[in-house]
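Down below is the structure, laid out as structure tokens.
Only the coordinates and a few stated rules stand behind these numbers; no lab work does. Worth saying up front: this structure is predicted, and the values here are computed from it rather than measured. Cβ coordinates were reconstructed from backbone atoms using ideal geometry, including for glycine residues, and neighbour counts include every protein chain displayed.
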Amino acid sequence: MNMPDLIRRKRDGETLRPPEIEWMIREYTGGAIPDYQMAAFLMAVYFRGLNREETAALTRAMVASGEEMDWSAIPGVKVDKHSTGGVADTTTLVLAPLVAAAGVPVVKMSGRGLGHTGGTIDKLEAIPGFRVHLSREEMVRQVKEIGLAITAQTGNLVPADGKLYALRDVTATVESIPLIASSVMSKKIAAGADAIVLDVKVGSGAFMPDLASARELARTMVDLGREMGRRTVAVITNMDEPLGMMVGNALEVKEALAVLRGGGPKELREVCLTLGARMLLLAGAAGSEGEARRRLEDLLDGGEALAKFRQFIAAQGGNPEVADRPELLPATREQITITSPAGGYISSVRARLIGEAAMLLGAGRAIKESVIDPAVGIELKKRYGDYVNASEPLAVFHVNDRTNLETARKKFLAAYTLAPEPPSPRPLVYEVID
Ligand code: URA
């Protein structure tokens, strides 16, 4: 086998055999295939695609490039949840304790944010003292004790994806359905859950801009999960505007706490209930979606989900008082109100620009090595469809360093389109692919 031949055949639209894909991933991970050849191959895939068998072979080869977690020591169906990446998407911080409070064990490996999207590990690190690196033994012990543990993904989990994703990021080959599907699913399979609920985002702040492509990505991932013996379901949700009202790490923890207390933005609560119900159904912990939702609503409104979050923070070394006193989370020196330059109905909110504005303030990473400030971010005051008067606040920027303030403000304001008439309502949850 040789790489120029595989690149040429994919470029010409041929189908590769599973052993060829396995060879390529093994040699690339081991360093024998250089980045420039893999970059050419990825671009060929971007234009020609991969069929179902090729995508499955790629996913299997990626899983085999590293360690595979085995949680069989923990009784019960372990469920995991994954989002394809959004802005103000705090669902994991709500769902993990909520689903655990319903008696379903949650063993989760999460990542950090990059670019305009946030990462669960960065958010958890905003909690003073919280430890994000747990050993396998600590994970097992903690899940047995309190039903839930979250750790940062280790470098040894799908190392092929670490290399490939970094290369895709700089070669304009991220937005390819088979490449996204194999990247996401290889990590989910290697992370060892028995059941996986996928939150596939669609809209201006997501990788998938339209419903047809989101549906195709969801179908591809659900089929991959099933082929590899995992109960898998995907929910397609709206990412045309940020999901919650807070963008930034400590701010998003605060918002998750509000939802865990039975409040918070109704859109965030609704997506959590939809995904959570699917998690309970996959785990066999509820007989119908209606029953699952009612259980979860009771756990949010009755304080059990918040109590589980408190227990979870304490178990991972954080200050559990944060659950009742969010003011203990890091806060900025300055809070700057951003007002609307004109009046009108908000007819479009480009979530990606809001994520990028928060990143410029220091909430996210432009490159992997960037240092983030847990306290900074953007607190939104208006949503899609709201009316805003000229000079009325659109947001509050939480700021420690003014260096990029003006660029962030311009980017933020560019996210909004105002219209004289109210826009038509849009669904929050489009459909479930199972
Ligand atoms: N998230 C991933 O983990 N991989 C992708 O390719 C895109 C989003």
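If I take every Cα pair under 8 Å that is 6 or more residues apart in the range 192-327, average their sequence separation and divide by the length, what percent do I get for the relative contact order? Working shown, then result.
On the way: 162 pairs, mean separation 28.4, N = 136.
That works out to 21 percent.
Using only the Cα atoms of the range 1-77, build the gyration tensor, take square roots of its eigenvalues as a ≥ b ≥ c, and label the shape rounded, prolate or oblate: rounded if a/c is under 1.5, else prolate if a/b is larger than b/c, else oblate. Note, shape of the range 1-77 comes out prolate. Using the Cα gyration tensor of the range 1-142, with a ≥ b ≥ c the square roots of its eigenvalues, what is the shape: rounded (a/c below 1.5), prolate (a/b larger than b/c) or oblate (neither)? It comes out prolate by the Cα gyration axes.
Only Cα pairs under 8 Å and at least 6 apart count here; give the relative contact order of the chain as a rounded whole percent. Kindly include the intermediate steps, with their values, before the conclusion.
Working: 926 pairs, mean separation 83.2, N = 434.
It rounds to 19 percent for the chain.
A straight line joining the Cα centroids of the range 95-119 and the range 256-285 runs 12 Å.
Which entries of LYS188/LYS411; LYS266/LYS410; LYS308/LYS382; LYS188/LYS368 have Cα-Cα distances beyond 23 Å here? Don't skip to the answer; put the middle values down first.
Numbers: LYS188/LYS411 34 Å; LYS266/LYS410 28 Å; LYS308/LYS382 31 Å; LYS188/LYS368 21 Å.
Over 23 Å Cα-Cα: LYS188/LYS411; LYS266/LYS410; LYS308/LYS382.
So how do TYR36, TYR46, TYR28 line up by other beta-carbon neighbours within 10 Å, fewest first?
Details: TYR36 11, TYR46 18, TYR28 22.
Listed from fewest to most nearby Cβ atoms, that is TYR36, TYR46, TYR28.
Listing THR417, THR59, THR332, THR220 from the residue with the fewest other Cβ atoms within 10 Å to the one with the most, what is the order?
Numbers: THR417 13, THR59 31, THR332 21, THR220 24.
Fewest-to-most Cβ neighbours within 10 Å comes out as THR417, THR332, THR220, THR59.
Over the range 314-434, what is the relative contact order in whole percent, taking alpha-carbon pairs under 8 Å and six or more residues apart?
Values: 203 pairs, mean separation 44.2, N = 121.
It rounds to 37 percent for the range 314-434.
Multiply the residue separation of VAL77 and THR171 by 0.36 nm, subtract the distance between their alpha-carbon atoms, and state the gained length in nm to one decimal.
30.0 nm
Once you reduce the range 209-248 and the range 316-345 to the center of their Cα atoms, the two points are 29 Å from each other.
Converting phi to 3J(HN,Hα) with the Karplus coefficients 6.51, -1.76 and 1.60 and the offset θ = phi - 60°, the range 60-67 yields 4, 5, 5, 4, 5, 6, x, 7 Hz in sequence order, with x at every glycine or proline.
Spatial offset of the range 365-434 relative to the range 1-57 amounts to 39 Å, using the alpha carbon center of each. Couplings 3J(HN,Hα) of the range 203-214, computed from phi: x, 5, x, 10, 5, 9, x, 10, 5, 4, 6, 4 Hz, in residue order, whole Hz [Karplus 6.51 cos²θ - 1.76 cosθ + 1.60, θ = phi - 60°; x for Gly and Pro]. Ranked by how many other Cβ atoms sit within 10 Å of their own Cβ, fewest first, the residues ILE336, ILE180 fall in the order ILE336, ILE180. For ILE338, the residues 5 or more places off, or on other chains, whose built amide H falls under 5 Å of its own are LEU394, ALA395, VAL396, PHE397. When DSSP beta bridges are restricted to pairs lying wholly in the chain, around 50% turn out antiparallel. At full extension, MET69 and ASP386 could sit 109.5 nm farther apart than now, given 0.36 nm per residue minus the alpha carbon distance. According to the square roots a ≥ b ≥ c of the eigenvalues of the Cα gyration tensor, what is the shape class of the range 269-327, taking rounded for a/c under 1.5, prolate for a/b larger than b/c otherwise, and oblate for the remainder? Here the range 269-327 falls in the prolate category.
In order along the range 390-399, the phi-based Karplus estimate (6.51 cos²θ - 1.76 cosθ + 1.60, θ = phi - 60°) of 3J(HN,Hα) comes to 4, 6, 7, x, 9, 6, 10, 8, 9, 10 Hz; Gly and Pro are listed as x.
GNM on the chain, C-alpha springs below 10 Å: top fluctuator among GLU291, GLU227, GLU369? Among GLU291, GLU227, GLU369, the largest mean-square fluctuation in the Gaussian network model of the chain belongs to GLU369. Within the listed set LEU353, LEU42, LEU16, the residue fluctuating most in the Gaussian network model of the chain (springs between alpha-carbon atoms under 10 angstrom) is LEU16. Between amide H atoms placed 1.01 Å from N, distances below 5 Å from TYR416 occur with ARG350, all of them 5 or more places distant or on a separate chain.
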